[in-house]
């Protein structure tokens, strides 16, 4: 049986496993229990009362986090030459079309978000088997297939993220970095949870928000009281 280190025991002792914390309490505690020697990510897992196998119970959306995620998001814009300057000026890390499509076919996916235009989706669509499993496939519903590529890039760089429920009915998403003060983590988390609540499918019956857990990289999870959010 694996032994628990002294430091791990100290961290676990700070968490009341029988308690569902308020959002404010959880955001303060997650900073306290983070012991990594790097700026850890703060993540949330929201278990929903939906059946994601049914199209009318799929939960997917975007949210602009007030304080961003703290992560340097790498953005690739696949566009026609007339849009390249616009995309670059907006802060895109990579801009092009055929050359990057060839790179992706060769296995390159070193980006966090891909933005493209409706007119080139015929070419981008052929990359579905590579980009889809990695969550990189552009989608009009998340604003990553648009003629206004500059706006899309600016929003992503400012903290706009997309999320979707997985096959187990859970939404996983980063919301901040441990270096953020607890008030900023709380603002970001509240914005995400409020957005998820608004997306409740009409076909979903019973309790919608079943559980909420927040954690930092390598830390235990902290349970958040779901009563703060409409069910």
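Number of residues in region 44-59 that are touching a residue at least 40 places away in the same chain (Cβ under 8 Å) and out of contact with any helix residue (DSSP H, G or I) (no Cβ under 8 Å at 6 or more places or on another chain): the value is 9. Restricted to region 60-134, the set of helices (runs of 4 or more DSSP H) holding at least 2 residues that are touching a helix residue (DSSP H, G or I) at 6+ places or on another chain (Cβ under 8 Å) and within 17 Å of residue 155 (Cα to Cα) comprises 81-89. Among residues of region 148-167 being in a loop (DSSP other than H, G, I, E, B) and out of contact with any strand residue (DSSP E or B) (no Cβ under 8 Å at 6 or more places or on another chain), the one that is surrounded by the fewest Cβ atoms within 10 Å (Cβ to Cβ) is 167. In summary, residue 219 fulfils each of the numbered conditions (1) surrounded by fewer than 21 Cβ atoms within 10 Å (Cβ to Cβ); (2) part of a loop (DSSP other than H, G, I, E, B) with the single exception of condition (1). Contact map, region 191-204: residues that are closer than 14 Å to residue 226 by Cα paired with residues that are loosely packed, with under 12 Cβ neighbours inside 10 Å, Cβ distance under 7 Å, separation 6+ or inter-chain. Pairs shown: 197/230. Residues of region 64-92 being more than 30 Å from residue 194 (Cβ to Cβ), free of Cβ contacts under 8 Å to residues at least 24 places away in the same chain and under 24 Å from the mean Cα position of the chain (by Cα), which ones? Across region 64-92, the qualifying residue is only 88. For region 203-218, a residue qualifies if it is closer than 19 Å to residue 39 by Cα and out of contact with any strand residue (DSSP E or B) (no Cβ under 9 Å at 6 or more places or on another chain), and exactly one does: 218. The single condition among (1) at pLDDT 95 or above; (2) buried (at least 16 other Cβ atoms within 10 Å of the Cβ); (3) assigned by TED's automatic domain parsing to the domain that holds residue 94 that residue 187 does not satisfy is (3). For residue 175, the test of being surrounded by 20 or more Cβ atoms within 10 Å (Cβ to Cβ), touching a residue at least 60 places away in the same chain (Cβ under 8 Å) and either in the same structural domain as residue 38 (by TED's automatic domain parsing) or out of contact with any helix residue (DSSP H, G or I) (no Cβ under 9 Å at 6 or more places or on another chain) (or both) is passed.
Does residue 167 meet the test of being under 22 Å from residue 218 (Cα atoms) and in contact (Cβ under 8 Å) with a residue 24 or more places away in the chain?
no
The values are calculated or read from the model by the stated rules, or taken from the named source; none is laboratory data. As the structure is a computational prediction, the values presented were derived from the model and not from experiment. Note that we place each Cβ from the backbone using ideal geometry, even for glycine, and neighbour counts take in every protein chain shown.
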